[in-house]
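Working notes, structure below.
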Amino acid sequence: MIAEWVGAEYVHGEDGMGDSFFDRAVQRPEPAHAVDELIRRVDESPGELSILAQAPLTNIAAAVVRDPSFASKVKRLYVMGGGVGNITPAAEFNFYVDPEAAKIVFAAGFEVTLFTWTLTLSHGVFFDDDLARIDEIDTPLARFYRQVTRKAEEFERSMGVPGTTHPDSMVCAAIVDPSLVLRTREAFVDVETRGELTRGFSHIDFQSTTPNCTVVEDYDTRRFLELFLTILG
């Protein structure tokens, strides 16, 4: 919304896919702007569509600014972001890149379910034994997965994570199978936009009497892995 873009090529590669540099896809972007398309689809099906937000929340916030009633017409917003820092000591990447957008989104009135980076580290890591099971599958999709995540795995191991993390896949899987979520807590969530050292920090207040978010605290990691293996197979 305001700041200059910050990328994560050092984690995911220059192409976002582990520096695989596949042939260019035939499909090209649609001519409509993403924000216009979000508003159009939600207007056509008010109360029916859920949104999966796996990146900085710029487009969601811009839709709210364009149409203040947008949040009330979305069935549920699933957000991956916040929690313990992974780009600064205070901030997780998605909130750090655009904290103004995150602040707008959490104040907009969405029914929000939040999957934090904290949850990823405690419930979303595939360890060496898990990765060996994926290698044993040896399907084209399993090989593709291992290739596009290779740089991220290398980076995560250099940071002390003993395997690969799967924050976005965890959220997606929980939409497909909500029973993967084992425990949640209601909280009031806000995002720091002005702190010199804490910009992008997610303030998660479980004591608030005016919660605006459902925070996932426990997740069935083993069943998530089995679902993941089934898909790759």
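Consider region 161-181. How many of its residues are within 12 Å of T113 (Cβ to Cβ) and assigned to a strand (DSSP E or B)?
The number of residues fulfilling the criteria is 1.
Surrounded by fewer than 23 Cβ atoms within 10 Å (Cβ to Cβ), over 30 Å from P162 (Cα atoms) and within 15 Å of the chain's Cα centre (by Cα): does that describe R76?
So R76 fits the description; yes.
Taking G47 as the residue in question, decide whether it is part of a loop (DSSP other than H, G, I, E, B), at pLDDT 95 or above and among the small types (G, A, S).
Details: part of a loop (DSSP other than H, G, I, E, B): yes; at pLDDT 95 or above: yes; among the small types (G, A, S): yes.
So G47 passes the test.
Restricting to region 112-145, and then to whatever is assigned to a loop (DSSP other than H, G, I, E, B) and surrounded by 19 or more Cβ atoms within 10 Å (Cβ to Cβ), can you tell me which residue is modelled with the lowest pLDDT?
It comes out as G124.
Based on what the data block shows, is A8 closer than 15 Å to A102 by Cβ, within 23 Å of the chain's Cα centre (by Cα) and touching a residue at least 12 places away in the same chain (Cβ under 8 Å)?
No, not satisfied.
Take T88 and decide whether it is among the polar types (S, T, N, Q) and touching a residue at least 40 places away in the same chain (Cβ under 8 Å).
Answer is yes for this residue.
Just wondering, is there one or more residues in region 37-52 that are more than 28 Å from E154 (Cβ to Cβ) and touching a residue at least 40 places away in the same chain (Cβ under 8 Å)?
So far as region 37-52 goes, yes, one or more of its residues are more than 28 Å from E154 (Cβ to Cβ) and touching a residue at least 40 places away in the same chain (Cβ under 8 Å).
Looking only at region 60-71, decide whether some residue is over 22 Å from D168 (Cα atoms), loosely packed, with under 12 Cβ neighbours inside 10 Å and at pLDDT below 95.
Looking through region 60-71, none of the residues is over 22 Å from D168 (Cα atoms), loosely packed, with under 12 Cβ neighbours inside 10 Å and at pLDDT below 95.
Condition first: within 12 Å of V64 (Cα to Cα), part of a loop (DSSP other than H, G, I, E, B) and either within 14 Å of the chain's Cα centre (by Cα) or among the aromatic types (F, W, Y) (or both). Now tell me which residues in region 79-111 satisfy that.
F110
Taking region 182-233, which residues are among the basic types (K, R), surrounded by fewer than 16 Cβ atoms within 10 Å (Cβ to Cβ) and assigned to a loop (DSSP other than H, G, I, E, B)?
R194, the sole residue that qualifies.
Here is a check on your reading of the model: is N94 out of contact with any His (no Cβ under 6 Å at 6 or more places or on another chain) and modelled with pLDDT under 95?
Answer is no for this residue.
Just to be sure I understand the filter: pairs with C-beta atoms under 6 Å, separated by 6 or more residues or on different chains, first member in region 185-210 and more than 17 Å from G81 (Cβ to Cβ), second member in a loop (DSSP other than H, G, I, E, B). Which pairs pass?
These pairs meet every condition: E186/P211.
The values are calculated or read from the model by the stated rules, or taken from the named source; none is laboratory data. Please read all numbers here as calculations on a predicted model, not as lab measurements. Cβ: placed from backbone, ideal geometry, glycine included. Neighbour counts: every protein chain shown.
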